[in-house]
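In what follows, a structure is listed as structure tokens, so that the remarks can point back to it.
The values are calculated or read from the model by the stated rules, or taken from the named source; none is laboratory data. These numbers come from a predicted model, not from an experiment. Backbone-built Cβ (ideal geometry, glycine too); neighbour counts: all protein chains shown. Keep in mind that these areas ignore ligands, DNA and RNA; they rest on the heavy atoms of the full protein, side chains included. Shrake-Rupley method; radii C 1.70, N 1.55, O 1.52, S 1.80 Å.
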Amino acid sequence: MDFHSSAFGEGFHWGVSSSAYQTEGASLEDGKGSSIWDSFTAQPGRIYGSQNANTATSFFHRYIQDIILMQYLNIRNFRFSLAWSRILPEGKGRPNEKGIEFYDRLIDFCLEQNIDPWVTLYHWDLPQSLEDKGGWTNRDIVHWFSDYVELCVRKFGDRVSNWIVLNEPVVFTGGGYFLGIHAPGRKGLSSFLPAVHHAALCQATGGKVIRSMNSSLRVGTSFSCSPVDPADESRSSAEAAARVDVITNRLFVEPLLGLGYPWADLKVLQQLEKYMYPGDEELLAFDMDFIGLQNYTREVVRYSPVIPYINAAIVKPSRRNVPVTSMDWEVYPEGIYRMLKRFQSCAPQTQLIITENGAAFPDVVTNGHVHDENRIDFYRSYLKQVLRAKREGVNIGGYFAWSFTDNFEWAEGYRPRFGLVYVDYATQKRIVKDSGFWYKQFLEKHPEAVLAHR
Ligand code: FCB
């Protein structure tokens, strides 16, 4: 084996990531309330093949088997999310004991198997009752969210030490409240901008709630990030790339770091002011213990007068003659290095953790095996770039592969397969892909033992 996890040093956290809606299923079992993703997937035409995650990978019923498999694959950290509406069916008020018990069992079983649970508090599945009150566009969400966070920390904070407040706020506000391609399917600036501001307030407030309850817990939050490069040498493309970069990489990080919103570089964001109260700038800032970076690809953009507000268009990878995944995302390993370097320079005091990275490829099962060399190459090449950043002094503390098993990929349904473990959805059978076995060897505690067996 040419490349082994020991190169990253002792104490580096290696894991896998998943989320509640994408895996749990049991969408209305044991008292769970409906979420915006339950409602959205029920609307015709929203999801590829009109699929939904009512069953998903049935993780709710199969977590024991999945965690044993994780253990077998030498995975020692598992990042998953809590479904807010499983814990609070109406989003606030009466807690659902059975939902809390599920997460108790899950957390306890992880610990029993020597796997550290990393909990994401919000991975996009807002309780539908809260959406009925305006969802992320209603400033009351700051209270709803704080109460939910407090309850979770009270229930699980004795066993969970790593907390991630939000997963990719720009994706759930952009996809869900501007483009309408994700739940709840709302569109336009008048939904997007208040959603952004309230999510940014929740990001910092959530962190403060956790720390005030128990200062020994480690608090972080996760951002999607991708280098944004101009399609050509022209000044108009360079400026277009800078505007797209504001949304892609700066919108939520800068207020968190106390820098305010980056509206100087994207005029339309000045309208955020309409939703701000005096003193909000301070409420947006919080000193996280770690920042989670989630990188898959990069974007290449050019100037486009027809795209409103941002005047920029993405040049699709399929038109650029570059290697792509099933998502039509460019395979661009250097991107993860570039993002690590960039976050290191803007938040030098904060530890960085890759909380998601991975790839979907069209896997096929042959004689009970999935030979996914392309995914192994992907992981190996991205990890080499992570190591390069680490060797150059970037404070990086961990890496989580997306994802453990194949799962429900939002608007794309079950078609893209991101897992290290294949799921046969008809039978819920798991098949460890070659990439899963590769990760197992990569993580093996004693590389000499691996080498001796080759
Ligand atoms: C990220 C999401 C995650 C998954 C991967 C492929 O944007 O956080 O849920 O869908 O992309």
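For segment 19-53, taking the residues that are free of Cβ contacts under 8 Å to residues at least 60 places away in the same chain, buried (at least 16 other Cβ atoms within 10 Å of the Cβ) and more than 16 Å from the ligand (Cβ to nearest atom), the one that is farthest from TYR425 (Cα to Cα) is identified as SER27. Counting residues in segment 381-394 that are under 30 Å from SER50 (Cα atoms), within 16 Å of the ligand (Cβ to nearest atom) and touching a helix residue (DSSP H, G or I) at 6+ places or on another chain (Cβ under 7 Å) gives zero. Flag: ARG105 does not match the condition of being outside any strand (DSSP E or B), surrounded by fewer than 23 Cβ atoms within 10 Å (Cβ to Cβ) and touching a His at 6+ places or on another chain (Cβ under 8 Å). Return yes when ASP116 is open to solvent by 20 Å² or more (accessible area, probe 1.4 Å) and closer than 22 Å to GLU356 by Cβ and no when it is not. When the stated conditions are applied, ASP116 passes them. Condition check for ALA200 on (1) within 16 Å of the ligand (Cβ to nearest atom); (2) open to solvent by less than 30 Å² (accessible area, probe 1.4 Å): one failure, at (1).
The residues listed here are PHE378, PHE400, PHE418, PHE361; of these, the one that is of a type in the set (Phe, Trp, Tyr) and open to solvent by 10 Å² or more (accessible area, probe 1.4 Å) is PHE361.
Just a yes or no: is a residue in segment 10-30 among the aromatic types (Phe, Trp, Tyr), more than 25 Å from LEU293 (Cα to Cα) and in contact with a Phe, Trp or Tyr (Cβ under 9 Å, 6 or more places away or on another chain)? Within segment 10-30, not a single residue is among the aromatic types (Phe, Trp, Tyr), more than 25 Å from LEU293 (Cα to Cα) and in contact with a Phe, Trp or Tyr (Cβ under 9 Å, 6 or more places away or on another chain). When segment 221-252 is filtered for residues that are part of a helix (DSSP H, G or I) and over 21 Å from THR355 (Cβ atoms), the ones remaining, listed by number, are ARG235, SER236, SER237, ALA238, GLU239, ALA240, ALA241, ALA242, ARG243, VAL244, VAL246. Looking across segment 26-54, the residues that are more than 23 Å from ILE181 (Cβ to Cβ) and part of a loop (DSSP other than H, G, I, E, B) come down to ALA26, LEU28, LYS32, GLY33.
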